[in-house]
Amino acid sequence: MRFRFIEDRRADYPVTILCDVLGVSPAGYYAWRSRPESERSAANRELVEDIRRVHRDTCGRYGSPRIHVELKAQGRGVSRGRIERLMRHHGIRAIMARPAGCGPPTAATTSRSPRTYSSGDL
């Protein structure tokens, strides 16, 4: 995370100052930068793309259990926990139904209380 922060901010500040502030060596940063992407992070990146595609195709309605089933049907054998973790990390959430009692007031045909909403003549 520190090296990623340095990578993102190196256009604004010198690398040596960023490394001093974060307590890492510039050599460690440049070594990190020259390393190839790991197999696990490449697989996670591809999996997140698939998760986003399924999420987009279902108009945001599917959460991790349904996305897991959908990916399994497509031949992607990954655990539900991994899908949950990646969705949480990337801010992918299903659309939730509105809780009961959180909607607009319902119209009452007869009301004796002045605090309740009443409809006009029917």
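None of the figures in this text is laboratory data; all of them are computed from the coordinates on show. This structure is a prediction, so every number in the text was calculated from the model and none was measured. No Cβ is skipped: glycine too gets one built from the backbone with ideal geometry, and neighbour counts run over all protein chains shown.
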Exercise. For ARG45 and ALA97, what is the calculated FRET efficiency with R₀ set at 25 Å and r taken between the beta-carbons, to the nearest 0.05?
Worked result: 0.20
Problem set entry | Ordering of 52-58, 5-11, 75-81 by burial proxy (mean other Cβ atoms within 10 Å per residue, highest first) | 52-58, 5-11, 75-81
For this session: May I ask you to order 59-68, 86-95 by the average number of other C-beta atoms within 10 Å around their residues, highest value first?
Result: 59-68, 86-95
